[in-house]
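What follows is one structure encoded as structure tokens, with my remarks underneath.
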Amino acid sequence: MFDTSVYRNLVLAFLALVAISQVYKLYHVYSNNNSQISALRDLTWSDINFIHTTDTHGWYSGHLNQKIYSADWGEFISFTSRLKEIANENNQDLLLIDSGDRHDGNGLSDVTVPNGVKSLPIFMKEDYDLLTIGNHELYLWENSRQEYEVLIEHFKGNYLSSNVQFKLDNGTFVSFGDKFKYFTTPNQKLNVLSFGFLFDFDRFNDHSKVTSIKEVIDNEPWFKEILKSYPPDKVDLLLLVTHVPISRSWPELYYLHTVLREFYPTTKIQYFGGHSHIRDFIVLDPNATALQSGRYCETIGWTSINLTTEKFDDRYSRTYIDFNIDSFQHHSKITTKSLFDTERGIEVSNLIKTTRKELKLNDPIGYVKSSNYYIDYVPITDSKNIFHLLTKKILPTLVTENENITTHDERIIIINTGSIRYDLYKGAYTIDSQYIVSPFENLWVKLTLPKGIAIQIAPILNDQGYIAKHLTPPHHMDDAENKNSLKRQTRFRYPVLDLTEADKQTIKNSKKKAKLTKGYVTFDDLGHDGDDTPHKAVVNFPIPNVVDSQELKKGTPNDELVDLVFYDFIQKDIFWALQQLNYTLEEDSNEPEFYSKKYLGTLLNEYIKDKGL
Ligand SMILES: Nc1ccn([C@@H]2O[C@H](COP(=O)(O)O)[C@@H](O)[C@H]2O)c(=O)n1
Ligand SMILES: [Zn+2]
Ligand SMILES: [Zn+2]
């Protein structure tokens, strides 16, 4: 017989559980006293607020071996949903913006053909309000096509590109997405005019076209016509979503700004930048600022604007949020993970896990046992420097795949340091690690040169006078030109040249706090309190534009012929260096010969598998 009192007790117990869980939820949603995360600097909310990502380069799984950047794209989606809830509750606006470069740098995006096939649908799960194109969407035609057919189709009017075009099969060029967008924000009802721009990039594939910002302004009437048809009384805010470094040493946005100010003398203007992979915030004038939000899902940029205050100090805020769950929960004011996660966020995290499995990204190829290998945390000559490892051990294993060429006993191999994208960590070495270190499957080509000429090429390309922006790792680009503003660099550089006493004290204090994790300590136009998590500063050593692996014999004469092997990607630069040396190639050998298509990642895999590190 069924005992009704048991049934009643079960129902009561169930109701009690529901009630307890609701109280628990309310407590955790509204309390913000968790000591583990209370050291973080809070976000400042205003009338209009922005979340900005840039240069994600496929890092949607998060950084599996760096806790401070270990959140995944699903958790990011939960985070932005929670922030949107806060914005809506307070009748404020929150817009999500992405500045491009969405692949090349991670197994999730690069192991597929074409790259991005699996990672872009994951990226697209985030509800971006505005986004634009980066140069990495333009190196290869298949990536541009994917952008045009998949991303633009999905994001429709939110995808902006005012200076990049796609060539249709019938030969006509059309804009990548829309050239501009005029819209009203949902809560504050602000009228916004927005454009999307890419820097003056000249290595686009032949199914696309980039027109420089200057040329658009000077030669394309449509741009100024749009500005005229939306006069200042119709525009509360101008948004420029760009893949352009915001640094003062990069003139493009400053030219644009001068022109915008002719049309809008005091209208608020907010720029979003990218490409040089740094955290930065610039004040262009009292009503215009620019935010750049780092790289590789290490950083989420936040900025907010108070549109009515008279006081400049209260007008703007910016925060660089570390890409981890503690930061996300802290800013969402939800201390319990299960209450923080949204259904959609969990779905995306699961999709990432199954995709990684399907792509075998976690399968070990070998193990890195001895040490981490760093891009710039140790000097280039240190045995723990990744370029030292590559030039001394990995590059010498390259052999030609071309049986029809003459090779010589001596050889120099040059790579651009920008082709190596991230540190190599101790532990399991996987397909993912391979793409993280070296995502570009560039071809190797060869020239035959007298040794006396060949050995001068790398030093010439590294000469201070040669600003080879496209050779250097992106976050080092500003160094050469920014000597006088080193304290504004996103991490402490070494040696630190011109810090004020206050800056020095900040460094001292940050070093004293032994418990701080190592990471970004950003100096920008608003000071050095922008990083949401106070960090112990890391030191970044200088990196040259190129490094070379020299297999030369002592005592051979300078006119001895040697092989100079390099990536086809830097062919123009090699020719430029030869010109500087007044060296003219023989007519029958003035085109480099194909040497090998062996991908550097494969060389690294084979070395780790066969010899171990
Ligand atoms: N095939 C390629 C393409 C690019 N690079 C390097 O990447 C740099 C650009 O990266 P961003 O993320 O800043 O756009 C470029 O300057 C090259 O150093 C490469 O090596 N091979
Ligand atoms: Zn990038
Ligand atoms: Zn870029």
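For Asp532, work out the one condition from (1) surrounded by fewer than 16 Cβ atoms within 10 Å (Cβ to Cβ); (2) over 28 Å from Gly418 (Cβ atoms); (3) not assigned by TED's automatic domain parsing to the domain that holds Ser419 it doesn't fulfil.
In the conditions (1) surrounded by fewer than 16 Cβ atoms within 10 Å (Cβ to Cβ); (2) over 28 Å from Gly418 (Cβ atoms); (3) not assigned by TED's automatic domain parsing to the domain that holds Ser419, Asp532 misses (1) alone.
Only one of these is away from ligand 3 (no atom under 16 Å from the Cβ), at negative phi, outside the structural domain of Leu198 (by TED's automatic domain parsing) and surrounded by fewer than 24 Cβ atoms within 10 Å (Cβ to Cβ): Leu96, Leu64, Leu43. Name it.
Among Leu96, Leu64, Leu43, only Leu43 is away from ligand 3 (no atom under 16 Å from the Cβ), at negative phi, outside the structural domain of Leu198 (by TED's automatic domain parsing) and surrounded by fewer than 24 Cβ atoms within 10 Å (Cβ to Cβ).
Tell me which of these Ser383 doesn't satisfy, since it passes every other one: (1) more than 19 Å from Lys609 (Cα to Cα); (2) in a strand (DSSP E or B); (3) open to solvent by 50 Å² or more (accessible area, probe 1.4 Å).
Ser383 satisfies every listed condition except (2).
Sort out which residues of the stretch 584-597 are open to solvent by 60 Å² or more (accessible area, probe 1.4 Å) and either under 12 Å from Phe566 (Cα atoms) or touching a residue at least 60 places away in the same chain (Cβ under 8 Å) (or both), and write them in order of number.
Glu593, Phe594, Lys597
Quick check on the stretch 39-46. Is at least one of its residues of a type in the set (S, T, N, Q), closer than 30 Å to Asp110 by Cβ and modelled with pLDDT of 95 or more?
Looking for residues that are of a type in the set (S, T, N, Q), closer than 30 Å to Asp110 by Cβ and modelled with pLDDT of 95 or more, one finds none in the stretch 39-46, hence no.
Evaluate the following for Ser70: is it over 13 Å from Arg295 (Cβ atoms) and either buried (at least 23 other Cβ atoms within 10 Å of the Cβ) or within 16 Å of ligand 3 (Cβ to nearest atom) (or both)?
Judged against the criteria, Ser70 is not a match.
Only one of Thr342, Thr303, Thr308, Thr319 is under 21 Å from Leu94 (Cα atoms), among the polar types (S, T, N, Q), at pLDDT below 95 and away from ligand 1 (no atom under 16 Å from the Cβ). Can you tell me which?
Result of the check over Thr342, Thr303, Thr308, Thr319: Thr308.
Give, as residue ranges, the helices (runs of 4 or more DSSP H) completely inside the stretch 43-131 that count at least 2 residues that are within 16 Å of ligand 1 (Cβ to nearest atom).
Passing ranges, in order: 107-110, 119-123.
Scan the stretch 256-273 and give yes if some residue there is among the hydrophobic types (A, V, I, L, M, F, W, C), within 25 Å of His535 (Cα to Cα) and away from ligand 3 (no atom under 16 Å from the Cβ), otherwise no.
Within the stretch 256-273 (the criterion being among the hydrophobic types (A, V, I, L, M, F, W, C), within 25 Å of His535 (Cα to Cα) and away from ligand 3 (no atom under 16 Å from the Cβ)), the answer is no, since none of the residues qualifies.
Looking at the stretch 411-425, can you tell me whether even one residue there is charged (D, E, K, R), under 22 Å from the mean Cα position of the chain (by Cα) and under 27 Å from His136 (Cα atoms)?
yes
Exactly one of these conditions fails for Leu361: (1) under 30 Å from Asn590 (Cβ atoms); (2) away from ligand 1 (no atom under 16 Å from the Cβ). Give me its number.
All conditions are met except number (1).
Mind counting the residues in the stretch 120-141 that are of a type outside the set (Phe, Trp, Tyr) and either more than 21 Å from Gly301 (Cα to Cα) or not assigned by TED's automatic domain parsing to the domain that holds Phe176 (or both)?
Selection size over the stretch 120-141: 4.
Mind checking which residues of the stretch 191-221 are open to solvent by 30 Å² or more (accessible area, probe 1.4 Å) and under 14 Å from Leu260 (Cα atoms)?
Lys214, Asp218
Regarding the stretch 283-292, can at least one residue be identified that is within 17 Å of the chain's Cα centre (by Cα), within 16 Å of ligand 1 (Cβ to nearest atom) and open to solvent by less than 20 Å² (accessible area, probe 1.4 Å)?
yes
Kindly provide the set of residues from the stretch 377-425 that are of a type in the set (Val, Ile, Thr) and in contact with a helix residue (DSSP H, G or I) (Cβ under 8 Å, 6 or more places away or on another chain), ordered by number.
Residues satisfying the conditions are Ile380, Thr381, Ile386, Ile394, Thr397, Ile412, Ile413, Ile414, Ile415, Thr417, Ile420.
If we keep just the residues of the stretch 99-120 that are open to solvent by 10 Å² or more (accessible area, probe 1.4 Å) and free of Cβ contacts under 8 Å to residues at least 40 places away in the same chain, which is nearest to ligand 2 (Cβ to nearest atom)?
Top of the filtered list is Pro114.
The values are calculated or read from the model by the stated rules, or taken from the named source; none is laboratory data. What you are looking at is a predicted structure, and each value in this text was computed from that prediction instead of being measured. Virtual Cβ from ideal backbone geometry, glycine too; neighbours counted across all protein chains shown. Heavy atoms of the whole protein, side chains included, go into the accessibility calculation; ligands, DNA and RNA do not. Shrake-Rupley method; radii C 1.70, N 1.55, O 1.52, S 1.80 Å.
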